[in-house]
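Input: a single structure, listed below in structure tokens.
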Amino acid sequence: MPILPPILNLVNSRRLNEIDRFRMHPEETQMRVFRSLVAKAADTQWGRKYNYRSVSSVKDYQARVPVQSYEEIIPYIERLRNGEKDLLWPGEIEWFAKSSGTTSTKSKFIPVTEDSLTGCHYRGAKDVLAVYLHNNPDTRIYTGKGLILGGSHKINNFSNNSLYGDLSAILMENAPRWVSFVRTPAKKIALLEDFEEKLKQITRITASQNVTNISGVPSWYLVLIKQILEYTGKSNLCEVWPHLEVFFHGGISFAPYREQFKSFIRSADMKYMETYNASEGLFGFQDDPKSNDMLLMLDLGVFYEFIPVDQVGSLNPEALTIEEIKEGVSYAMIISTNGGLWRYMIGDTIIFTGTKPHKFRISGRTKHFINAFGEEVIIDNAEKALDAACRGTGALVAEYTAGPVYIGIESKGSHEWLIEFEKTPDDLNKFVSILDDTLKSVNSDYEAKRFKDLNLVKPVVRPVPRGTFYKWLREKNKLGGQNKVPRLSNNREYIEELYRIVEVWST
């Protein structure tokens, strides 16, 4: 088996050269993708509506096609799910990824075409492995199994013509047969709808297997890891899987969970590689082990535009292409894809940390922020503040959410944080002070509103019992997969729902 990585590196060398080319030539790469997408969709109903055959430039395309939200394409999605062809992309679309819809409680059904499945999701996954092998020539991940913790949805027939499921379920269902030899658990267990039963079976089966790599969402993996350690009576996952070497993670920020993983996987050689694989496509991954930034993948059938976050929702927002972006600015991402999405606002926001190559980090969601008093706190701010507060007090955060406390007749506004601690801070007051001071240091609007407590007073942090967020997600039938806890909200909906969970629990 040691001879396998060099062979794979040789096979991957051509693709690695292609990745190097788009690193240095992003504008040319994106223009090729743009022209290819528009040409292929020219005879679809959407392409005829906007006369794609006469589109002469990106500016022309932007002038014709408005930015789309999911709500605006629902009529097309419903027709596609009933079997209509050639609407957004050539041919019939069989698969739809059921997204957890983090901007609302309703699910979204994202079309997954054959082109997006093979040319974006699978090709991107191969790129992740190619880069990992290149960076780690002594890897032994192929001497054992890869554990994939996917969603809790099974593949369900929606109509006679289409099926839907969690993205991970779709990827498993369509994977080549050889994948089953290097993956665990078996597909029938991986696709179990009952997430808690799936965890039990995965624990029982994999505790005695040689697992060398794991892939999935950090928060759900912590649930599995704790269950495996309890089942085996071990305190270090390396005692269960001695050859475990890498966690390919995505879906949510890894920052709040990093220290917990280090406490459960006590190995200096353990590696962590972030990926950005959404229902709409694979957009990037961490290509440099010395940096947490991700490389934007420019040739996987996705054409990118970027709207400055402060212009989102305005009448005529400025949509920038890859050559026009600036480092350090938070942008809402707009995509046109080989999955038939056109100028679609995905809902995520990113900040570029470099160009040529274009490196970025996810900064939040267009609808997940706190701006009740003009403070404009985004998830990136919150993660940095929590990290500083944890480091300063020895705390570990399992889950959290935050929202506003509105101004009352005799009270000022503030922020309220509900935090489920894995390890409580040495001093909660100190934790709050560091949280507050760090938010001031990373967000000038927050600092201005906090000045002398004129608008905002110090935030309130309320610890909640362990398992609170898990129980909340279970009540919403949102266990597993890409479901996640909304980190910030501009209202108190989530906070009040969680309070009800705690009250019921305590009675």
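Counting the residues of segment 57-87 that are more than 24 Å from Thr366 (Cα to Cα), among the small types (Gly, Ala, Ser) and modelled with pLDDT under 95 gives 1. As a summary of the residue check, Ile202 satisfies the conditions (1) under 27 Å from Val131 (Cα atoms); (2) out of contact with any Phe, Trp or Tyr (no Cβ under 7 Å at 6 or more places or on another chain) except for the one numbered (1).
The single condition among (1) at pLDDT 90 or above; (2) open to solvent by 10 Å² or more (accessible area, probe 1.4 Å); (3) more than 20 Å from the chain's Cα centre (by Cα) that Val502 does not satisfy is (1). Within segment 139-168, restricting attention to residues that are within 26 Å of the chain's Cα centre (by Cα) and small (Gly, Ala, Ser), the residue that is modelled with the highest pLDDT is Gly146. When restricted to residues that are in contact with a Ser or Thr (Cβ under 6 Å, 6 or more places away or on another chain) and either of a type outside the set (Val, Ile, Thr) or open to solvent by less than 30 Å² (accessible area, probe 1.4 Å) (or both), segment 457-477 contains 1. Checking the stated criteria, Glu375 turns out not to satisfy the condition of being among the acidic types (Asp, Glu), closer than 25 Å to Arg466 by Cα and touching a residue at least 40 places away in the same chain (Cβ under 8 Å). Looking across segment 321-335 at every residue that is closer than 19 Å to Ile378 by Cβ and free of Cβ contacts under 8 Å to residues at least 40 places away in the same chain, the one that is most open to solvent (accessible area, probe 1.4 Å) is identified as Lys326.
The residues of segment 313-359 that are polar (S, T, N, Q) and over 17 Å from Arg32 (Cα atoms), listed by number, are Ser314, Asn316, Ser330, Thr349, Thr353, Thr355. Looking only at residues that are under 19 Å from Asp86 (Cβ atoms) and of a type in the set (S, T, N, Q) in segment 12-53, which one is farthest from the chain's Cα centre (by Cα)? Within segment 12-53, the match that is farthest from the chain's Cα centre (by Cα) is Asn51. Within segment 305-321, the only residue that satisfies the criterion of being part of a loop (DSSP other than H, G, I, E, B) and within 21 Å of the chain's Cα centre (by Cα) is Val312.
Per the conditions (1) in contact with a Leu (Cβ under 7 Å, 6 or more places away or on another chain); (2) open to solvent by less than 50 Å² (accessible area, probe 1.4 Å), the sole criterion not satisfied by Ser291 is (1).
Residue-wise test of (1) at pLDDT below 95; (2) open to solvent by less than 10 Å² (accessible area, probe 1.4 Å); (3) within 14 Å of Gly284 (Cα to Cα).
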residue: Leu298; (1), (2), (3): no, yes, yes
residue: Gly301; (1), (2), (3): no, no, yes
residue: Val309; (1), (2), (3): yes, no, no
residue: Thr337; (1), (2), (3): no, yes, no
residue: Thr353; (1), (2), (3): no, no, yes
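Looking at segment 157-180, can you tell me whether even one residue there is under 20 Å from Pro242 (Cα atoms) and open to solvent by 10 Å² or more (accessible area, probe 1.4 Å)? Within segment 157-180, not a single residue is under 20 Å from Pro242 (Cα atoms) and open to solvent by 10 Å² or more (accessible area, probe 1.4 Å). Within segment 94-109, being under 17 Å from Met172 (Cβ atoms) and at pLDDT 90 or above holds for Glu94, Trp95, Phe96, Ala97. Checking each residue in segment 339-351 for being open to solvent by less than 10 Å² (accessible area, probe 1.4 Å), assigned to a strand (DSSP E or B) and not aliphatic (A, V, I, L, M) picks out Tyr344, Gly347, Thr349.
The values are calculated or read from the model by the stated rules, or taken from the named source; none is laboratory data. For clarity, every value in this text was computed on a predicted model and none was experimentally measured. No Cβ is skipped: glycine too gets one built from the backbone with ideal geometry, and neighbour counts run over all protein chains shown. Remember, those area values only see protein heavy atoms, side chains included, never the ligands or the DNA or RNA. Shrake-Rupley method; radii C 1.70, N 1.55, O 1.52, S 1.80 Å.
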